[in-house]
Amino acid sequence: MPNVSENIAIQTTIKKEQHINNPPFFSLHATTIPTGKLMFNMLAAIAEFENAIRKERQADGIVLAKSKGIKFGAKAKLSEKQLSELKQKRADGVLVKDIMKEYGLSKASIYRLLAE
């Protein structure tokens with residue numbers, strides 16, 4: 001008579017053999033059988049449908065938000081007054097590193113704002 005550990009090992013081997021010969025309906029091996037292929041194709045179609053619905057809802061939400069006057073994107077770091085001051089300081093010869101410290105902006109931001 002086999003002991004408990006041998007019995008568990010035998011049952012595990014039997015389960016593994018059953019799984020290989022007859023994989024569950026939804027598993028990694030299911031793509032090799034027709035029902036598995038059908039299942040994955042159905043799931044793909046449902047996912048594509050859900051994605052299309054999400055895109056429509058998102059587009060509707062954007063249109064609604066814009067009609068209510070909601071603005072998208074990052075808020076401006078500087079007001080129009082600050083921007084004109086920044087441009088004037090640079091025109092007067094103030095160094096970019098000093099302007100960076102004063103306004104708390106990066107060098108790239110300063111040059112981008114100056115180019116506008």
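Listing for the model above:
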{"read-out": "Considering residues of the range 76-106 that are basic (Lys, Arg), modelled with pLDDT of 90 or more and within 14 Å of residue 116 (Cβ to Cβ) only, the residue nearest to the chain's Cα centre (by Cα)", "value": "87"}
{"read-out": "Residue pairs meeting the criteria (Cβ under 7 Å; at least 6 apart or on separate chains; first over 14 Å from residue 102 (Cβ atoms) and among the hydroxyl-bearing types (Ser, Thr, Tyr), in the range 70-90; second assigned to a loop (DSSP other than H, G, I, E, B) and modelled with pLDDT under 90)", "value": "none"}
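Okay, residues lined up against (1) modelled with pLDDT of 95 or more; (2) more than 22 Å from the chain's Cα centre (by Cα):
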{"site": "42", "(1), (2)": "no, yes"}
{"site": "47", "(1), (2)": "yes, no"}
{"site": "53", "(1), (2)": "yes, no"}
{"site": "64", "(1), (2)": "yes, yes"}
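The values are calculated or read from the model by the stated rules, or taken from the named source; none is laboratory data. Here the structure is a predicted model, which means the values were calculated and not measured. With ideal geometry, Cβ positions are generated from the backbone for all residues, glycine too; neighbour counts draw on all protein chains shown.
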